[in-house]
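The values are calculated or read from the model by the stated rules, or taken from the named source; none is laboratory data. The structure displayed is predicted, hence computed values, not measured ones. Cβ: placed from backbone, ideal geometry, glycine included. Neighbour counts: every protein chain shown. Ligands, DNA and RNA are excluded from the accessible area calculation, which covers all protein heavy atoms including side chains. Shrake-Rupley method; radii C 1.70, N 1.55, O 1.52, S 1.80 Å.
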Amino acid sequence: MPVREPPLVELRKVEFSYRPGERRILSGLDMSFHRGKVVAIMGSSGCGKTTVLRLIGGQIKASQGLVSFAGADVGRLDVKGIYAARRRMGMLFQFGALFTDMSVYDNVAFPLREHSGLSEDMIRDLVMMKLNAVGLRGAHALKPGEVSGGMARRVALARAIALDPELLMYDEPFTGLDPISMGITARLIRRLNDALGATSILVTHDIAESFAIADYIYFMANGRVVVGGTPMEINASTDPMVRQFFDAEPDGPAPFHYPSGATLACDFGPPEAQAEEQAQ
């Protein structure tokens, strides 16, 4: 019987609070992300989904538990180790985060110029290859403000894959896109993941597109995983939190009003966490 390869990314018994003594954003969180898979993290706003990406990228450290990437404990890495790990990761931010004063070409070339040490001729070949992969080779000379929102998201995707990362993280990749752009972006995420042999983590609220491309889905509530499984298994779940989310029910365990005092099923946490999730 073949030995299963360990996950590229793993979270074990992870606890996280923005400040000691305050309500926990994550509580006993267990997740694993295997190579070659597209995994979606879903759940109501404020449940810590984007916090998971920040922990993996080393922007914040877990209060307790283990966050590992390629066998290394991210929380124990020094600055040099963090930057080395990040060079093996690609990140697509919620609204692209492109440099508005740079051309499409220069946006994609930026990580290559910063980290690869390649010649400009080689960088040009790679940039045009990445832009071709997302269908935007002909837009290389334009500025981000001169392309549509869907095109700008694809430019950001080309930049995220510039260094051929092992791990791709997407923070709400479908937000603000029209149905055609959503479909294009979803297919690109799947296709690029398979072409690179990478691992992709999607933080998303979009049910249809996520179900179409994800191998596995984690549904979060109250800072932990409520249900994990294939799209078919998640869709068949009878958990009240899951059903309220997927059936778009206004009434249920996920509250509409912000909690005053008591911790509710989907706690927004301290101001930093609120700001993080209000952007979603």
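In table form, for the structure just shown:
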item: Subset tally (residues that are among the polar types (S, T, N, Q), within 21 Å of residue 70 (Cβ to Cβ) and out of contact with any helix residue (DSSP H, G or I) (no Cβ under 9 Å at 6 or more places or on another chain)) for the stretch 1-58; result: 1
item: Matching residues in the stretch 23-35 - criterion: being closer than 16 Å to residue 7 by Cα and either open to solvent by less than 10 Å² (accessible area, probe 1.4 Å) or touching a Gly at 6+ places or on another chain (Cβ under 6 Å) (or both); result: 29, 31, 33
item: Enumeration of residues in the stretch 17-32 that are basic (Lys, Arg) and either closer than 14 Å to residue 49 by Cα or assigned to a strand (DSSP E or B) (or both); result: 24
item: Search result, residues across the stretch 171-197 that are assigned to a helix (DSSP H, G or I), under 15 Å from the mean Cα position of the chain (by Cα) and closer than 24 Å to residue 46 by Cα; result: 186
item: Pick from the stretch 192-232, criterion of a type in the set (D, E, K, R) and modelled with pLDDT under 90, ranking: nearest to residue 17 (Cα to Cα); result: 224
item: Scan of the stretch 36-72 for residues that are charged (D, E, K, R), surrounded by fewer than 20 Cβ atoms within 10 Å (Cβ to Cβ) and under 15 Å from the mean Cα position of the chain (by Cα), ordered by number; result: 37, 54
item: Selection count where residues are in contact with a Phe, Trp or Tyr (Cβ under 6 Å, 6 or more places away or on another chain) and open to solvent by 20 Å² or more (accessible area, probe 1.4 Å), scope the stretch 73-86; result: 0
item: Qualifying residues in the stretch 209-233 (those that are assigned to a helix (DSSP H, G or I) and free of Cβ contacts under 8 Å to residues at least 24 places away in the same chain) - the one most open to solvent (accessible area, probe 1.4 Å); result: 232
